[in-house]
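Just so it is clear, none of the values below were taken in a lab; they were calculated from the coordinates. Please read all numbers here as calculations on a predicted model, not as lab measurements. Cβ: placed from backbone, ideal geometry, glycine included. Neighbour counts: every protein chain shown.
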Amino acid sequence: MKNEAIKVFQKRKKNIQETWMKFQLNDDALRDDLMTNEDLRRQSEELLATLTESLDDSNIDDPKSSSFDPVVDILSAISISRAKHGYSPRETGAYVFSLKDALLHTLQQDIKDPQELYVQSLKISRLIDSFGITTFETFIKGREEVILRQTDEISEISTPVIRVWDGIVALPIIGTLDSARTQIVMESLLQQIVETSSSIAILDISGVPAVDSLVAQHLLKTVSATRLMGAECIISGIRPEIAQTVVHLGIDLSGIITKASLASALKTAFNILHLQVVKK
Amino acid sequence: MGDLLLVTIQVDLYDRIAEALEADLVQMISKTGAQGVLIDISAVNIIDSFMGRIIGNIATMSKVLDAETVVVGMQPAVAITLVELGLPLNGVLTALNVERGMTVLRTKIDSKDNGSEDGNTE
């Protein structure tokens, strides 16, 4: 015998669809600025059709059943696309849970026996709740992907090694220095030193908001590595506040050439290379 | 090469080879009376703390024998590894390539030769 609820759903698919759309359109969380109502309707129809197709007696109690895979796939696609389009978590959650409202609403109309209604409602509730959680997981995954991509882009953009003169490279660091970034900074700097066979590297830290002992340690590491390669490293762009913190923290920068501005660092570099700038 | 010794390391160094290198090099320095040693490690891709120490040792030993050591052509990855291992090889001179290393050694030796007469300048 077929489960009562499934029979109702298959019979009244059209009806559920209408109710669901009505719920969604009345909901505050509706974002017609991000998606047109027609798109929303198509998306919802597809989801509902797949759900009613895959639903049968054996899996109504088991939301993890593999026969729900098509439903989960559709849900994942929906939530990832929503995450990328900038829907809030609440809006995405509301979308799935409004389906539950529509389903329960239809059940209420069609099943007259209170005992049966209760049992079926509970089953449907549990099923949709589980889908809700899946949606959320993928939503967060979608968001994380966005964040990860941005982090990658930022770290790639933020370490440009500039060749300022024959044999002199400069690397302006903008933003906080953490271990991962130091690694990238160090690698690209050393790579550039080899490629351009430069003997002087200037690290400009005027864009670094704060220097604590960890950042200082990272800087010292970079300087040591450049020295090992056979190049001299100059740190420039040290702001007064940074000088203060460095001294207060007791960080020893005495072994490193430090300059207040990039201009004076360049001057020092010219001196080391025995170059002279002459006015024409 | 005149009063300079050039050591080119072509393979990844294992402990035993490294120790042999250390012994041979010191022997060679005392035998030839070399003033400078160039160690070219541009072909070395892997380095460990032991190797780092051997290089440091060679530099110190040559200094005792009145010769300067320059390590040239270090790979970026090797440099990063050494720094991460906490071996910044203080006291070892470095240069980007053999040519630069020669220049460094020449100036170093020249200033040492003149140093006794006119008080050296860096």
Could you work out which residue, out of A:GLU137, A:GLU195, A:GLU145, moves most in a Gaussian network model of chain A, that is, has the largest mean-square fluctuation with Cα springs under 10 Å? A:GLU195
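Suppose every K and R has +1 on its Cβ and every D and E has -1 on its Cβ; what is the size of the dipole of the stretch A:1-94 about the Cα centre, in Debye to the nearest 20? Don't skip to the end; give the middle numbers.
Numbers: 14 positive and 18 negative charges, 38 e Å.
Rounded to the nearest 20 debye, it is 180 debye.
Taking the Cα centre of chain A as origin, work out the dipole magnitude from +1 charges on Lys and Arg Cβ and -1 charges on Asp and Glu Cβ, in debye rounded to 20. Spell out each step's value before the answer.
Working: 30 positive and 38 negative charges, 176 e Å.
Dipole size: approximately 840 debye.
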Residue with peak Gaussian network fluctuation, chain A [Cα springs, cutoff 10 Å], from A:TYR118, A:TYR95, A:TYR87: A:TYR118
Once phi is turned into ³J(HN,Hα) by the Karplus curve 6.51 cos²θ - 1.76 cosθ + 1.60 with θ = phi - 60°, what whole-Hz value does each residue of the stretch A:84-92 show in order, with x for glycine and proline? 6, 7, x, 5, 7, x, 4, 5, 5
Taking every pair of Cα atoms in the stretch A:162-272, average 1/r, invert it to obtain the Kirkwood radius, and report Rg/Rh to two decimals. 0.93
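Taking a cut-off of 26 Å, what percent of all Cα-Cα pairs in the stretch B:4-117 are separated by more than that? Let's see the in-between values first.
Details: 882 of 6441 pairs.
For the stretch B:4-117, the share of Cα pairs beyond 26 Å comes to 14 percent.
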If each residue's Cβ is checked for other Cβ atoms within 10 Å, how do A:ASP101, B:ASP24 rank with the fewest at the top? B:ASP24, A:ASP101
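Could you compute Rg(Cα) / (2.2 N^0.38 Å) for the stretch B:41-81, with N its residue count? List each step's numbers first, then the result.
Values: Rg = 11.0 Å, N = 41, 2.2 N^0.38 = 9.0 Å.
This ratio for the stretch B:41-81 stands at 1.22.
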If amide hydrogens are placed 1.01 Å from N in the peptide plane, which non-local residues have theirs closer than 5 Å to the one on A:ASP204? A:LEU171, A:ILE173, A:SER236
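Most exposed first by the Cβ proxy, i.e. fewest other Cβ within 10 Å, how do A:THR135, B:THR107 rank? Provide the component values of the computation, followed by the final result.
On the way: A:THR135 23, B:THR107 11.
Starting with the residue having the fewest Cβ neighbours, the order is B:THR107, A:THR135.
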Farthest positive-ward along the stretch B:3-52 dipole, Cα basis, beta-carbon charges - from B:PHE50, B:GLY33, B:ILE9: B:GLY33
Given 4 °C and 1.567 mPa s, how large is the Stokes-Einstein diffusion coefficient of the stretch A:4-154 in µm²/s, with Rh as the Kirkwood radius over Cα pairs? 81 µm²/s
Vicinal HN-Hα couplings computed from phi for the stretch B:46-60 (Karplus, 6.51 cos²θ - 1.76 cosθ + 1.60; Hz; Gly/Pro x): 10, 9, 10, 5, 4, 4, x, 5, 4, 4, x, 4, 4, 4, 5
What's the magnitude of the charge dipole for the stretch A:162-272 around its Cα centre, counting Lys and Arg as +1 and Asp and Glu as -1 at the beta-carbon? Answer in Debye, nearest 20. 140 debye
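Averaged across the residues of A:136-147, what count of C-beta atoms belonging to other chains lies within 10 Å of each residue's C-beta?
On the way: counts 0, 0, 0, 0, 0, 0, 0, 0, 0, 0, 0, 0.
Mean shielding by partner chains, rounded to a whole number: 0.
How well do other chains shield peptide A:228-236, expressed as the mean number of their Cβ atoms within 10 Å of each residue Cβ?
Working: counts 16, 12, 14, 5, 0, 0, 0, 0, 0.
Neighbouring Cβ atoms belonging to other protein chains average 5 per residue here.
Just rank A:TRP165, A:TRP20, fewest to most, by other beta-carbon atoms within 10 angstrom. Before the final figure, lay out the partial values.
Details: A:TRP165 15, A:TRP20 24.
Going from sparsest to densest Cβ surroundings: A:TRP165, A:TRP20.
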In straight Cα distance, which lysines are under 20 Å from A:LYS11, not counting same-chain residues fewer than 8 positions off? A:LYS2, A:LYS22, A:LYS100, A:LYS112, A:LYS123
Links that overshoot a 18 Å alpha carbon limit, given the list A:LYS84/A:LYS141; A:LYS259/A:LYS280; B:LYS31/B:LYS63: A:LYS259/A:LYS280
In a Debye calculation with equal point scatterers on the alpha-carbon sites of chain A and no solvent, what is log10 I(q)/I(0) at q = 0.07, 0.10, 0.11 Å⁻¹? -0.51, -0.66, -0.70
